[in-house]
1. Tally the residues that are assigned to a helix (DSSP H, G or I) and over 24 Å from Glu310 (Cβ atoms), restricting the search to region 233-266.
2. Filter region 130-180 down to residues that are of a type outside the set (Phe, Trp, Tyr), assigned to a helix (DSSP H, G or I) and either open to solvent by less than 30 Å² (accessible area, probe 1.4 Å) or touching a Ser or Thr at 6+ places or on another chain (Cβ under 9 Å) (or both), then give me how many there are.
3. Scan region 69-83 and tell me whether some residue there is touching a His at 6+ places or on another chain (Cβ under 6 Å), within 30 Å of Cys177 (Cα to Cα) and at pLDDT 50 or above.
4. Can you find, within region 64-102, the residue that is nearest to Ser186 (Cα to Cα) among those that are small (Gly, Ala, Ser) and assigned to a helix (DSSP H, G or I)?
5. Filter region 316-334 down to residues that are out of contact with any helix residue (DSSP H, G or I) (no Cβ under 7 Å at 6 or more places or on another chain) and either part of a helix (DSSP H, G or I) or not β-branched (Val, Ile, Thr) (or both) and give me whichever is most open to solvent (accessible area, probe 1.4 Å).
6. In the list Ser62, Ser105, which residue meets the criterion of being within 30 Å of Gly239 (Cα to Cα), modelled with pLDDT under 90, open to solvent by 20 Å² or more (accessible area, probe 1.4 Å) and of a type in the set (Gly, Ala, Ser)?
7. So which residues in region 181-196 are within 18 Å of Val334 (Cβ to Cβ), open to solvent by 10 Å² or more (accessible area, probe 1.4 Å) and either in a helix (DSSP H, G or I) or in contact with a strand residue (DSSP E or B) (Cβ under 7 Å, 6 or more places away or on another chain) (or both), if there are any at all?
8. Quick one: how many residues across region 63-117 are touching a strand residue (DSSP E or B) at 6+ places or on another chain (Cβ under 6 Å) and among the β-branched types (Val, Ile, Thr)?
Amino acid sequence: VASREPLTAPRPMEASVRKPRAAPLVVELSANLAPRAQHEARPASDSSLEADELRQGIPVSSLLSGCGRVLRTRADRLNKAEQMQIFDLSCAVDQFDAFISHVCSTPGFKKYLALVMDQLGLPAFLTAIFVAFGFMAFQACCRELPRIGRHYPTSYWELVGGVAAGWVVCMFGNLLCRRTRFFFDSVSICQHDPEKKEAGILSIPAFLRTSREMIVLWDERYFTRLWCVYEIAVAQSVGIPIRVLPMSVYGLITMTQLIGFGCALLSLGLTFPWERGSYYSQIDRWPVRFLQTAAVQALMIAMHAYIGREFAKMLLQLQDQIGTFDVRRADVSVESDRFLIHADIEERFDGSLDNFNTNVRTTLKSTAMGSLSSQRALLPYWCVMWQGMSAMPFWISKWSSNWASSAKHWRADPWLDLN
């Protein structure tokens with residue numbers, strides 16, 4: 001958290017007394033805690049508000065709406081009326097489909113891209129292919145749509161329609177995810193009511209126990225923030241699955257997808273300057289077409305190589321961060337919070353911070369690295385599918401164009417193939 005009021009630490013004489021295992025604080029919130037000088041930190045079970053009453057989830061339809069408006073909003077920069085408005089986006093839930101863990105100061109648009117690709121990437125890819133085949137089938141069975149080119153009429157409908165449909169799914173597919181509800185701190189915890197806010201923070205361990213998984217929006221600062229580290233500690237202690245989403249890689253993949261679409265359009269467009277003579281005379285020009293295609297795809301190939309290199313660097317950085325992790329070196333905005341966090345981690349890991357360090361360096365490391373690199377391809381398969389979303393519609397456009405040209409010349413001279 002960028003800034004918030006110090007938490008009230010236990011008095012020295014109370015420090016040696018073991019408190020129940022309910023855990024004081026967990027998540028790195030995006031807004032300031034109200035001053036609590038008159039209160040001591042207490043277990044969640046002592047709160048007048050129970051966790052079941054405070055469990056609020058935000059539907060994915062609201063979380064991703066407006067290009068991630070909620071993700072790009074810092075609750076500590078809102079007035080009370082705006083905080084009430086953003087809290088109204090959440091609703092009471094029995095369990096969370098995912099608990100979002102993140103550094104609040106990270107740009108919200110990076111979080112938006114990562115979550116969109118994670119939740120809607122595969123549906124967008126399948127929609128693009130389905131729509132492209134639909135255009136091809138319509139032209140083959142019903143009527144031919146307008147095309148460009150005299151000797152080699154090219155159909156852009158499959159490429160443009162398929163990719164556009166995939167983008168529409170990414171932009172508006174969240175509207176179909178109303179029943180998928182996430183925990184996102186600045187929305188799920190009441191920011192405008194100090195009592196509910198404190199009770200919500202104290203109930204975070206209970207929220208994690210009712211979450212199906214934890215999604216870590218990782219960047220290079222994640223394991224340097226003590227509050228993020230504490231979320232990992234609680235998640236490991238309650239035994240929920242942890243998935244790591246590297247936000248920088250998602251941004252590069254999105255850029256590659258856009259460049260790939262541009263290369264596909266250029267590759268189809270460069271067909272026309274090479275048209276000479278009849279369709280059959282162009283068959284002899286395949287070396288020229290091969291060089292043309294290679295030149296157009298050079299940028300795409302270079303971008304794929306760049307992403308592969310960046311992904312490899314990211315894996316090394318993540319591996320190094322986890323391998324040398326020490327909770328004592330993590331940064332915290334308010335130094336007085338460090339004692340409380342360390343005390344709760346010790347409660348969860350048999351009275352030792354070293355046990356937690358060992359758990360992160362072994363169990364969490366194998367989980368995180370396995371989820372990112374447990375396959376033959378350097379890039380995860382979903383990454384390859386997403387950045388190549390325009391590839392299948394492109395080839396479907398080529399097939400449709402080749403079929404139309406062959407049919408056109410066969411109708412002009414049906415005995416040509418027999419001679």
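1. 8
2. The qualifying residues number 19.
3. Looking for residues that are touching a His at 6+ places or on another chain (Cβ under 6 Å), within 30 Å of Cys177 (Cα to Cα) and at pLDDT 50 or above, one finds at least one in region 69-83, hence yes.
4. Ala75
5. Step by step, filter region 316-334, then rank; the result is Arg329.
6. Just one listed residue meets the conditions, Ser105.
7. Matches in region 181-196: Pro194 only.
8. Total meeting the criteria: 3.
The values are calculated or read from the model by the stated rules, or taken from the named source; none is laboratory data. A quick note: this is a predicted structure, and the numbers were derived from the prediction, not measured. FYI the Cβ positions are ideal-geometry reconstructions off the backbone, even for glycines, and counts take in every protein chain you see. Areas reflect the complete protein model, heavy atoms only, side chains present, ligands, DNA and RNA absent. Shrake-Rupley method; radii C 1.70, N 1.55, O 1.52, S 1.80 Å.
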